[in-house]
Amino acid sequence: MRRKVVKIGFIGAGSIGSLFGGYLASIHSDENPLELSFFGRRDHVVAINKEGLRLTVSDKDIFLKNIKAYEGVKDFTGSSEIGEFYKFDFLFLTTKAYDTERTMIQFKSLIESSNWFIILQNGIGNEALVKEYCNKNKILRIVTSHGALLEDYGHVFHTGVGFTKIGFAYLKPDNSNVSDYGRAEESLLFLKNLMSAGGLQTEFVEDIIKCSWEKVFVNIGINAIGALTGLKNGQLLENSSLRKLMGKAVKEALEVAHVKQINFSNRDYVELMYSVAKKTYDNKNSMLQDVLKGKPTEIDFINGRIVEFGKKLGVEVATNELLTVLIKGLESSF
């Protein structure tokens, strides 16, 4: 079998991008050797290029020196070993959701030439923005509950083990594209198997958009309220008023999803949100971490997205609107 180098890139390689990229970099294959490229902030880039990426998993350190890091497109294409005609097999978008549009414009050439473009971000509706700048049939989404923390430049911690699901954002099989869909599915399954081989067990799902909603129900109940109160996930449940508010936010989101005709199982998503908060008792959610660092949050793609959809559909979303306004007010104080 012909040896093929698999070219993989991560745009916005912060905590979650470094985690996924690090696990992929740990794979050693003679048949399909991997070529990993990170795009990130200067200090992180410098640290990786000098010492490699340090991935800490359960108090065990893995040192990965087969990743090349760059600050931007010009830095990348201008390097002698790359050149302007480089083409990624799989290019990941792992920026904060609010940076999506700016990133799509900045990395336009690399995105257009890539075979597959993978959204690995928090929030719902991200794919609608991405497809304005990218062929929608090559967009994949990954939904994950793995936790990651960039402890220092060049050093990422795997803070919590969770699930990972992957699927096509738009591409569906029909009578006119059976062979094209079959080839696309082969590529998706190849990536799924790569991630699983690296240590991130991954499941292929037919409706990844539904999965992104199921995950955001948890974020809607926990993130904004945790960020506003400064409480860890489990501590939120100990206050009966906060617990009730968390449930109301999720119920509004469920009503919006129902009106949008997104089909879910009979699972109790409010109880699911409570159970996640309990299981991750000592976690400071990502929005709280952003607030503590004085950084913008992803509120517009979580509770704010529910407000946007709710107003368009005539659904009452007062709780999510209040949480969004309060987080926005908090951001204005930074």
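Per-structure values
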read-out: Selection status of VAL259, in contact (Cβ under 8 Å) with a residue 60 or more places away in the chain, surrounded by 13 or more Cβ atoms within 10 Å (Cβ to Cβ), outside the structural domain of GLY125 (by TED's automatic domain parsing) and out of contact with any Ser or Thr (no Cβ under 6 Å at 6 or more places or on another chain); value: no
read-out: Only listed residue being in a strand (DSSP E or B), of a type in the set (Asp, Glu) and more than 30 Å from GLU321 (Cβ to Cβ), chosen from GLU151, GLU186; value: GLU151
read-out: Boolean, ILE327 is under 19 Å from the mean Cα position of the chain (by Cα) and crowded, with 20+ Cβ neighbours inside 10 Å; value: no
read-out: Filter result (more than 20 Å from ASN219 (Cα to Cα), hydroxyl-bearing (Ser, Thr, Tyr) and in contact with a helix residue (DSSP H, G or I) (Cβ under 9 Å, 6 or more places away or on another chain)) within the range 135-176; value: TYR153, TYR170
read-out: Single residue of VAL46, VAL5 found to be surrounded by 14 or more Cβ atoms within 10 Å (Cβ to Cβ) and over 18 Å from the mean Cα position of the chain (by Cα); value: VAL46
read-out: Options LYS244, LYS215: the member that is surrounded by 19 or more Cβ atoms within 10 Å (Cβ to Cβ) and either in a helix (DSSP H, G or I) or assigned by TED's automatic domain parsing to the domain that holds SER286 (or both); value: LYS215
read-out: Criterion violated by LEU194 - all others in (1) part of a helix (DSSP H, G or I); (2) exposed (fewer than 15 other Cβ atoms within 10 Å of the Cβ) satisfied; value: (2)
read-out: Matching residues, the range 96-115, being under 15 Å from SER37 (Cα atoms) and within 18 Å of the chain's Cα centre (by Cα); value: PHE107, ILE111
read-out: Qualifying helices (runs of 4 or more DSSP H) (wholly inside the range 258-334; at least 3 residues being polar (S, T, N, Q)); value: 318-331
read-out: Leading residue by the ranking (modelled with the lowest pLDDT) among those in the range 178-190 that are of a type outside the set (Lys, Arg) and over 18 Å from ASP207 (Cβ atoms); value: VAL178
read-out: Pairs, first among the hydroxyl-bearing types (Ser, Thr, Tyr) in the range 192-219, second in a helix (DSSP H, G or I) and surrounded by 15 or more Cβ atoms within 10 Å (Cβ to Cβ), C-beta under 6 Å, six or more apart; value: THR202/LYS192; THR202/MET195
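The values are calculated or read from the model by the stated rules, or taken from the named source; none is laboratory data. The shown structure was predicted, so the numbers you read here are calculated from the model rather than taken from an experiment. Quick reminder, even Gly has a Cβ in these numbers, built from the backbone with ideal geometry, and neighbours come from all protein chains shown.
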